[in-house]
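These notes are about the structure you will find just below.
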Amino acid sequence: MRTVVRSPGVTIAAILREAPLLLLISTALSADLDFGYTPTLGPGEKPALYVTPRRPVKLLQVACDPGGSWSKSGVAGGQKLTFELKTSGTTSECTVLAEFDDGYVDETVIPLEWQAGGSLSVDLSKASADIEAHTLTVRVTGAVDRAEIVAYGAGKSELDRAIVDVGEGPGSITLPWAGDPAEVVLLDVKLENSTAWAGFTFSPWFLDVPHDDVLFATDSDVIDPDQEWKLEQTLADLNQVLEKYGEVVPVKLYIAGCTDTVGDGASNRDLSRRRAKAIAKWLRSHGYSEPIYYHGFGEGLLAIQTGDGVDEASNRRALYLVGAAPPPAGSGIPSVSWTAL
């Protein structure tokens, strides 16, 4: 005798919607077999069908499309069997054929449906903010339905709060900012889907600190004593920045050395790097204790565009940039590998 039980109008996923794992489906599908599976998978968990015969089975055959096929002999009553599906999808149809010791044959068709869940994480290692586009890009491990974004300003005052639909992920997702980009110091973000959420903070903030440029002798990185008053004023300005923003984000200083177009490009990059480092060392030796990074851009960051070999004083300069991270896209500063002092 062969009994085929199908339930085309109801999937096990619908029956198990409220339970992470349930094995009592016999009354709906089979009087002699209990079935179950996990409709919401945890991190690293594979989809699987669980079959438990209520009485001894001579031969049990399982075929899942997609997922694989299996055959088991001599299965004891009450013995739970696990069949792990080999598929990257989220649905499968499994046919279970059981031949019992008394010759009775039961064939049951089981539609399965599952989803990844229970975990959503954010990779901030390559996070970036675009100042001009007013966006933030991060990578996530799962789908994101919506995001709540809170923008904070100086003193961690709340500037704006927004809930936006996302509909992206896994992979790279792009979120709009809340608040005025000129005032936002810190973004507090909560990402959600139907089963999980993840939160993180990110600072797109940076400042170009106004200052008087140190004048160096030709081809020299030595700071003359008559130039130190300029750095003393810069140090006072940096300490004011720390007082205003230091409790909101970890403030880091980035010093960018620049030259005009006179001379060899490689030599100019080296000279601008040495001058930026000299300024960084002076600030450190005079009490600035926060992280300092420097880079020599040489002719690569001209204030005034000129041809080659042009002696332009405005291009012989250094930039003092502060932020929780290197200057973001849209700031006008190229992405480089900054050197820590």
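Does Gly287 satisfy the criteria of being modelled with pLDDT of 90 or more, assigned to a loop (DSSP other than H, G, I, E, B) and either of a type in the set (S, T, N, Q) or farther than 14 Å from Leu319 by Cα (or both)?
Spelling it out, Gly287 is indeed modelled with pLDDT of 90 or more, assigned to a loop (DSSP other than H, G, I, E, B) and either of a type in the set (S, T, N, Q) or farther than 14 Å from Leu319 by Cα (or both).
Which members of region 301-323 meet the condition of being more than 15 Å from Val209 (Cβ to Cβ) and out of contact with any Cys (no Cβ under 8 Å at 6 or more places or on another chain)?
Ile304, Gln305, Thr306, Gly307, Asp308, Gly309, Val310, Asp311, Glu312, Ala313, Ser314, listed by residue number.
Is it the case that some residue within region 238-255 is touching a residue at least 60 places away in the same chain (Cβ under 8 Å), within 30 Å of Asp308 (Cβ to Cβ) and outside the structural domain of Ile131 (by TED's automatic domain parsing)?
Yes, region 238-255 contains a residue that is touching a residue at least 60 places away in the same chain (Cβ under 8 Å), within 30 Å of Asp308 (Cβ to Cβ) and outside the structural domain of Ile131 (by TED's automatic domain parsing).
Can you find a residue in region 263-272 that is in a loop (DSSP other than H, G, I, E, B), among the aliphatic types (A, V, I, L, M) and surrounded by fewer than 20 Cβ atoms within 10 Å (Cβ to Cβ)?
No, that holds for no residue.
Can you list the strands (runs of 3 or more DSSP E) found entirely within region 167-244 that contain at least 2 residues being under 18 Å from Cys258 (Cβ atoms)?
206-208
Return the pair list, or none, for Cβ contacts closer than 8 Å from residues in region 293-312 that are in the same structural domain as Asp260 (by TED's automatic domain parsing) and in contact (Cβ under 8 Å) with a residue 24 or more places away in the chain to residues that are loosely packed, with under 14 Cβ neighbours inside 10 Å and among the hydrophobic types (A, V, I, L, M, F, W, C), at least 6 apart or on different chains.
What qualifies is Tyr293/Ala340; Gly298/Ala266; Glu312/Ile304.
Can you pull out every residue in region 274-306 that is surrounded by 19 or more Cβ atoms within 10 Å (Cβ to Cβ), over 30 Å from Glu183 (Cβ atoms) and not aliphatic (A, V, I, L, M)?
Arg275, Lys277, Gly296, Gly298, Glu299 - these are the residues of region 274-306 that are surrounded by 19 or more Cβ atoms within 10 Å (Cβ to Cβ), over 30 Å from Glu183 (Cβ atoms) and not aliphatic (A, V, I, L, M).
So if I check each of Val164, Val144, which one is touching a residue at least 24 places away in the same chain (Cβ under 8 Å) and either among the aliphatic types (A, V, I, L, M) or touching a Pro at 6+ places or on another chain (Cβ under 6 Å) (or both)?
Criteria check complete, one pass: Val144.
With the requirement that a residue be assigned to a strand (DSSP E or B) and more than 25 Å from Leu41 (Cβ to Cβ), what does region 62-105 give you?
Once the filter is applied, which keeps residues that are assigned to a strand (DSSP E or B) and more than 25 Å from Leu41 (Cβ to Cβ), region 62-105 yields Ser71, Ser73, Gly74, Val75, Leu97, Ala98, Glu99, Phe100, Val105.
Only residues in region 317-341 that are assigned by TED's automatic domain parsing to the domain that holds Ala276 and at pLDDT 90 or above count as the first member; pair them with residues that are β-branched (Val, Ile, Thr) and surrounded by fewer than 17 Cβ atoms within 10 Å (Cβ to Cβ), Cβ under 7 angstrom, at least 6 apart or cross-chain, and list the lot.
Tyr320/Val209; Val322/Val209
Let me confirm something: among Asp208, Asp180, which residue is at pLDDT 85 or above and charged (D, E, K, R)?
Asp208
Does Ser314 fit the bill of being under 37 Å from the mean Cα position of the chain (by Cα) and at pLDDT below 90?
no
The values are calculated or read from the model by the stated rules, or taken from the named source; none is laboratory data. All figures in this text were calculated on a predicted structure; none of them were measured in a lab. Note that each Cβ is placed from the backbone with ideal geometry, even for glycine, and that neighbours are counted across all protein chains shown.
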